[in-house]
Amino acid sequence: MQDASMLQDEILHLKKKRNAIILAHNYQRPEVQDIADVTGDSLELARAAAAMDGDVIVFCGVDFMAETAAILAPEKTVLLPAIDACCPMAGMVTADELRFARVHHPGAAVVCYVNTTADVKAESDICCTSANAVKVVNAVSEDEVIFVPDKNLGQYVARFTKKTVLPWEGFCLVHDRYTPADVARAKQAHPGAVVLVHPECRPEVIDRADHVASTSGIVSHVKTAPETEFIIGTEIGILHRLSKECPGKHCYPLSEKAVCVNMKKTTLAHVRDALVTLRPRITVPEETAARARRAIERMLAL
Ligand code: 13P
Ligand code: SF4
């Protein structure tokens, strides 16, 4: 087995040769985050995919993220190094189910979380991420909003709008597992620490947090806050960025069990192989991509 630094050197060489950029989500393995051009949350990575030069995008994340990049940059070769890295929540709503829901709520806008398939985005009026969900819902003209697929994010958004939000029944297997008992335990272990959680957490966990934000929102908060101790209620991959970018701050996981197995599937060897073979490539049929792009670009324009 090659060691990490040899693989990293090989990747940097191949990246130049392929005129590639590497995007990594905040939950990726530390060594994968370290070779990325941009590490960020879903919104930052979508913006980077739309704006960056280069011929190839190596997307170290999960399927819907690479699909979003392929929709926004159809002229580029978009690679998902671990082809089985998927987001189970994105599979919790289908385009057929959404069409059916629209029939029952003809006057409602459909807001889809970015954690959805291209087919679902194509059926939606506008997309959102955890960083801008409240803003997006408040920006649509309809008074009723079908929000897919995360019920927790949907309920969180409902706190900040006068609109009627109809949350779907989906959830994240990682964030939905946190309980108020986890918060109580972490606070007991670290009295005085600020509790930061992701909006994919259950309402009763959100109620016990000091601050709610996207993954990059959590990093920004820790960087700028005057406090020095934080309990972090999101996937533990974020702790790597926090330790690199927030020296002098102490961050503790709300639960050590908060691991997204799909986000951990991408290894340096996968990234190297993807750059050698230009596979696995993610493409979206243009008919679907054009409709999905409308929903994503409406979000990016806000
Ligand atoms: P962020 O957009 O906040 O990074 O969240 C993505 C995600 O999958 C959270 O589980
Ligand atoms: Fe999907 Fe949850 Fe993993 Fe994010 S952490 S990719 S929402 S399963």
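The values are calculated or read from the model by the stated rules, or taken from the named source; none is laboratory data. Computed from a prediction, not measured in an experiment: that's the story for all the values here. Using ideal geometry, Cβ is built from the backbone for each residue, glycine included, and neighbour counts are taken over all protein chains shown.
Just name the residue that is nearest to ligand 2 (Cβ to nearest atom) out of those in region 231-269 that are without any contact (Cβ under 8 Å) to a residue 24 or more places away in the chain and out of contact with any strand residue (DSSP E or B) (no Cβ under 8 Å at 6 or more places or on another chain).
Among those residues, the one meeting the criterion is Val261.
Test of understanding: among Ala258, Ala301, which residue is loosely packed, with under 14 Cβ neighbours inside 10 Å and of a type in the set (Gly, Ala, Ser)?
Criteria check complete, one pass: Ala301.
Residue check: is Glu67 closer than 22 Å to Asp150 by Cβ, touching a residue at least 40 places away in the same chain (Cβ under 8 Å) and part of a helix (DSSP H, G or I)? First the steps, then the outcome.
Numbers: closer than 22 Å to Asp150 by Cβ: yes; touching a residue at least 40 places away in the same chain (Cβ under 8 Å): yes; part of a helix (DSSP H, G or I): yes.
The answer is yes for Glu67.
Determine whether region 213-233 contains at least one residue that is surrounded by 19 or more Cβ atoms within 10 Å (Cβ to Cβ) and charged (D, E, K, R).
no
Pick from region 43-72 the residues that are surrounded by fewer than 18 Cβ atoms within 10 Å (Cβ to Cβ) and more than 17 Å from the chain's Cα centre (by Cα): which of them is modelled with the lowest pLDDT? Please lay out each step first, then the result.
Keep residues of region 43-72 that are surrounded by fewer than 18 Cβ atoms within 10 Å (Cβ to Cβ), which gives 47, 50-55.
Then drop every residue that is not more than 17 Å from the chain's Cα centre (by Cα), which leaves 51-55.
On the way: Ala51: 94, Met52: 88, Asp53: 91, Gly54: 94, Asp55: 97.
Per the criteria, the residue is Met52.
For residues in region 169-183 being in a loop (DSSP other than H, G, I, E, B) and out of contact with any strand residue (DSSP E or B) (no Cβ under 9 Å at 6 or more places or on another chain), which is farthest from ligand 2 (Cβ to nearest atom)? Step through it out loud before you land on a result.
Initial filter on region 169-183 (in a loop (DSSP other than H, G, I, E, B)): 169, 171-174, 178-179.
Now restrict to residues that are out of contact with any strand residue (DSSP E or B) (no Cβ under 9 Å at 6 or more places or on another chain): 169, 173-174, 179.
Values: Glu169: 15, Leu173: 5, Val174: 4, Thr179: 16 Å.
Filtering first and then ranking leaves Thr179.
Say whether the condition of being more than 16 Å from ligand 1 (Cβ to nearest atom), within 28 Å of Ala269 (Cβ to Cβ) and in contact (Cβ under 8 Å) with a residue 60 or more places away in the chain is met by at least one residue in region 89-107. Explain how you work it out, then say what you get.
Within region 89-107, the first condition is being more than 16 Å from ligand 1 (Cβ to nearest atom), and the residues that meet it are 94-107.
If we keep only those that are within 28 Å of Ala269 (Cβ to Cβ) too, we end up with none.
Scanning region 89-107 turns up no residue that is more than 16 Å from ligand 1 (Cβ to nearest atom), within 28 Å of Ala269 (Cβ to Cβ) and in contact (Cβ under 8 Å) with a residue 60 or more places away in the chain.
I'm checking my understanding of the structure. Among residues of region 234-255 that are away from ligand 1 (no atom under 15 Å from the Cβ) and hydrophobic (A, V, I, L, M, F, W, C), which one is surrounded by the fewest Cβ atoms within 10 Å (Cβ to Cβ)?
The extreme case among them is Cys246.
Please report, ordered by residue number, the strands (runs of 3 or more DSSP E) entirely within region 184-302 with at least 2 residues that are polar (S, T, N, Q) and within 18 Å of the chain's Cα centre (by Cα).
Details: elements: 194-197, 229-233, 250-253.
Where strands (runs of 3 or more DSSP E) fall fully within region 184-302, none carries at least 2 residues being polar (S, T, N, Q) and within 18 Å of the chain's Cα centre (by Cα).
Do you know which residues across region 23-64 are touching a residue at least 40 places away in the same chain (Cβ under 8 Å), over 23 Å from Tyr113 (Cα atoms), touching a strand residue (DSSP E or B) at 6+ places or on another chain (Cβ under 7 Å) and not in a helix (DSSP H, G or I)?
Ile35, Val56
Of the conditions (1) in contact with a helix residue (DSSP H, G or I) (Cβ under 8 Å, 6 or more places away or on another chain); (2) within 12 Å of ligand 1 (Cβ to nearest atom), Val174 satisfies every one except a single condition; which number is it?
(1)
Any idea how many residues of region 281-294 are buried (at least 17 other Cβ atoms within 10 Å of the Cβ) and not basic (Lys, Arg)?
Residues meeting the conditions: 5.
Need the failing condition index for Ser141 against (1) surrounded by fewer than 22 Cβ atoms within 10 Å (Cβ to Cβ); (2) under 21 Å from the mean Cα position of the chain (by Cα), just the number.
(2)
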